[in-house]
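Before any comments, here is the structure.
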Amino acid sequence: MSNPQPTASPDDARSTRVAIVGAGPIGLELAVALRRCGIEFELFDAGSIGNTISWWAPQTRWFSSNERIAIAGVPLLTSDQTKATREQYLTYLRGVATQFEIRVHTHCPVVNITRDEQNSGQGSGRFAVTTKPGGRPTVWSAEAVVLAIGGTDFPKKLGIPGEDLPHVDGYLRETHRYFGRNVLIIGGRNSAIEAALRLHHAGANVSLSYRGSELPEDHIKYWLLPEIKGLLAAGRIADFTGTLPVQISSECVQLKSIDDGSIAEVKADDVLSLIGYEQDKTLMRTAGIELSESMQRPTYDENTMQTNVPGIYIAGTATAGTQSSKYKTFLENCHDHVDKIVAHLSGRHIDSAPLQYRDQIMTQPES
Ligand SMILES: Cc1cc2nc3c(=O)[nH]c(=O)nc-3n(C[C@H](O)[C@H](O)[C@H](O)COP(=O)(O)OP(=O)(O)OC[C@H]3O[C@@H](n4cnc5c(N)ncnc54)[C@H](O)[C@@H]3O)c2cc1C
């Protein structure tokens with residue numbers, strides 16, 4: 001499959017008007033919008049489409065309603081009307097790409113973005129976008145670049161001895177593998193709480209360490225809270241709120257009390273450190289995008305999504321940088337980025353989000 005619009009640019013087989021970096025939901029939604037406007041593009045992803053969602057644990061459900069995470073106006077339906085699982089959503093993304101004949105360069109990381117001096121004429125700057133499919137550098141020339149690269153590239157580090165041991169993980173895997181094992185979960189927000197509940201029900205012996213003296217209730221989905229509180233109170237999930245992990249060995253983890261500094265040793269065959277994720281800033285830095293001093297967020301114009309580098313745009317959760325405390329930027333409140341970029345590139349207005357939810361999406365994210 002190809003993205004078969006005519007190319008009006010230099011005499012280079014690898015030339016396009018817009019290079020979209022990231023084939024998550026927002027990158028794909030943008031590709032469909034550009035296709036509808038007849039704007040030529042190429043879409044690259046370091047992994048498969050929906051790469052971020054593909055590392056969620058099997059059968060994880062979205063917190064958002066299906067209407068809010070549907071893209072390009074294509075309904076996302078589930079046979080039992082519940083919120084979509086990771087698997088259903090990845091299937092949906094493949095369906096959207098197929099329906100609109102979007103060619104995605106998968107497993108094709110973009111590793112560098114510079115000015116394309118060779119192909120830039122007077123007053124018309126272009127970019128050289130270097131990709132590395134299979135480790136082979138390949139350069140595309142593009143008039144504009146959109147970074148839809150998300151913000152969850154690496155699990156955050158604990159910064160303690162032992163965290164690189166093989167049984168320490170920043171991702172919840174297939175729950176079956178934890179059956180009958182001692183699992184220590186570090187963290188107290190949604191991912192950690194959901195993992196604790198799922199692994200408890202999957203037959204693991206779960207302990208939960210959280211650094212605050214109480215669970216952060218306003219960071220936990222209201223339907224998870226009563227169950228986790230009940231299981232902790234009953235001692236069915238071992239409660240180590242008010243502790244900080246200080247050292248991990250192959251058999252146990254030392255947890256230090258935030259009250260009196262005393263150390264507890266917790267046996268752990270597996271340690272899940274679910275304390276959030278960090279954005280990889282490398283590409284933004286090489287492209288010359290300014291990052292805000294305090295939060296290291298990319299700088300951009302909220303009306304057009306154009307960054308401080310004219311011709312380079314940013315879209316989706318990538319705009320928020322590394323979200324450190326309560327996440328505020330989600331797929332469900334990023335659909336308008338697509339509209340703004342298309343409007344700026346084409347001079348046309350387009351609505352990408354499902355219409356009946358458009359107003360609510362802007363003001364009240366559900367997640
Ligand atoms: C367990 C869990 C549950 C969640 N539930 C919800 C929810 O209910 N609702 C919600 O709105 N959000 C939820 N999120 C957040 C959700 O992941 C994002 O909202 C959504 O994926 C953002 O879409 P995006 O297109 O902006 O970025 P992403 O989906 O992160 O896509 C970015 C893409 O860019 C690619 N990429 C990055 N760097 C490069 C590069 N250099 N070259 C090429 N490709 C690159 C990545 O491989 C990835 O495919 C959840 C997250 C987690 C972890």
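Using the Karplus equation 6.51 cos²θ - 1.76 cosθ + 1.60 (θ = phi - 60°), what ³J(HN,Hα) coupling, rounded to whole Hz, does each residue of the range 160-170 give in order, writing x for Gly and Pro?
10, x, x, 6, 9, 5, x, 8, 9, 9, x
Counting DSSP beta bridges with both partners in the range 184-331, what percentage is antiparallel, nearest 5?
55 percent
For Ala84, enumerate residues with amide H under 5 Å from its amide H, sequence gap 5+ or separate chain, H modeled in the peptide plane.
Trp62, Asn66
Would you calculate the separation in nanometres between label points at Glu251 and Ala57, each defined as 7 Å from the Cα along the Cα-to-beta-carbon direction?
Spacing of the two 7 Å Cα→Cβ label points: 2.7 nm.
How high is the relative contact order of the chain, in percent, counting Cα pairs under 8 Å that sit 6 or more residues apart?
19 percent
If the only charges are +1 at each Lys and Arg Cβ and -1 at each Asp and Glu Cβ, what is the size of the charge dipole of the chain around the Cα centre, to the nearest 20 debye?
The calculation lands at about 420 debye.
How big is D for the chain, in µm² s⁻¹ as a whole number, if Stokes-Einstein is applied with the Kirkwood radius of its Cα pairs at 4 °C and 1.567 mPa s?
Diffusion coefficient, whole number: 59 µm²/s.
Tell me the carbon and sulfur percent of the accessible area for the chain, rounded to whole percent, probe radius 1.4 Å.
Ligands and nucleic acids excluded, carbon and sulfur give 49 percent.
Evaluate the range 157-273: find the radius of gyration of its Cα atoms, find its Kirkwood radius, and give the ratio Rg to Rh.
Radius of gyration relative to Kirkwood radius: 0.93.
Evaluate the relative contact order of the range 157-273 (contact order divided by residue number), counting alpha-carbon pairs under 8 angstrom at least 6 apart; express in whole percent.
Relative contact order, the range 157-273: 33 percent.
Mind checking which of Asp239, Asp116, Asp259 has the largest fluctuation in a GNM of the chain, springs on alpha carbons under 10 Å?
Residue with maximal mean-square fluctuation among Asp239, Asp116, Asp259: Asp259.
Out of all DSSP beta bridges with both ends in the chain, state the antiparallel percent to the nearest 5.
Antiparallel bridges make up about 45 percent of those DSSP assigns within the chain.
Within 10 Å, count the other beta carbons around each residue, average over each peptide in 68-76, 313-321, and list them highest first.
Ranked by mean Cβ neighbours within 10 Å, highest first: 313-321, 68-76.
Please sort 33-43, 160-170 by packing, taking for each peptide the average over its residues of neighbouring beta carbons within 10 angstrom, highest first.
Averaged packing, sorted descending, gives the order 33-43, 160-170.
Given a 1.4 angstrom probe, what's the average accessible area per residue across the range 157-273, in square angstrom?
Accessible surface, normalised per residue, equals 50 Å².
The values are calculated or read from the model by the stated rules, or taken from the named source; none is laboratory data. What you see is a predicted model; the values in this text were computed from it and never measured. FYI the Cβ positions are ideal-geometry reconstructions off the backbone, even for glycines, and counts take in every protein chain you see. Surface accessibility is based on the protein's heavy atoms, side chains included, excluding ligands, DNA and RNA. Shrake-Rupley method; radii C 1.70, N 1.55, O 1.52, S 1.80 Å.
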